[in-house]
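In what follows, a structure is listed as structure tokens, so that the remarks can point back to it.
Quick note: the coordinates plus some simple rules give every number you see, no bench work behind them. Keep in mind that what you see is a predicted model, and the values were worked out from it rather than measured. Using ideal geometry, Cβ is built from the backbone for each residue, glycine included, and neighbour counts are taken over all protein chains shown.
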Amino acid sequence: MEGDSKGDTNMGSPSNSQQTISDDDEIDYSVKPEFYDPELDDKDELWVQKKRKGSNSDAVLSCPACFTTLCLDCQRHERHVTQYRAIFVVNCKVDSSNKLQHSHQKPKRNKRSREAGENQADLADGETFKAVCCSVCSTEVGVIDEDDVYHFFNVLPSES
């Protein structure tokens with residue numbers, strides 16, 4: 001059983017310190033990196049401030065599937081802390097063919113009031129929403145109401 005000793009199996013391992021080459025040894029620091037701009041964060045911050053026109057946002061919203069920015073200026077829901085609303089969005093498309101209806105149902109009182117069709121009347125005067133999807137990957141990220149207010153519930157929020 002030659003070659004089965006612990007010393008022989010570690011020799012071919014990339015974690016062996018004699019065979020491992022540091023990334024720093026391979027980088028030529030005399031050449032300016034092609035995709036690095038030390039001023040880019042400052043430029044991005046100015047661009048966002050210009051788009052927001054001085055207003056503060058509760059979060060910057062991104063698509064959970066492809067991380068595309070969807071909204072720079074939004075307001076967090078008071079009770080449902082993972083939901084946001086906004087008026088101005090980017091990289092979103094409205095799916096007019098996918099209409100959703102939300103009803104504000106009253107608590108059910110008894111069997112007789114249900115038979116009278118009370119719930120059907122509530123559905124008829126409920127608000128209609130249209131599905132909102134990411135324009136890059138088509139992931140459904142929220143809805144838009146009749147007043148053109150976007151309601152996001154499937155997004156990744158980040159600090160603004």
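Taking amide H as placed 1.01 Å from N in the peptide plane, the amide H of Val141 sits under 5 Å from that of Val132, Cys133, Cys134, each at least 5 places away or on another chain.
Ranked by the mean number of other Cβ atoms within 10 Å per residue, highest first, peptides 30-40, 87-97 order as 87-97, 30-40. Projecting label points 7 angstrom from Cα along Cα→Cβ for Ser135 and Leu156 puts them 2.0 nm apart.
Between Phe129 and Leu100, Gln101, His102, the built amide H atoms are under 5 Å apart, and every one of these is 5 or more places off in sequence or on another chain. Around the amide H of Cys92, modelled in the peptide plane, lie the amide H atoms of Ser135, all under 5 Å away and 5 or more residues distant in sequence or on another chain.
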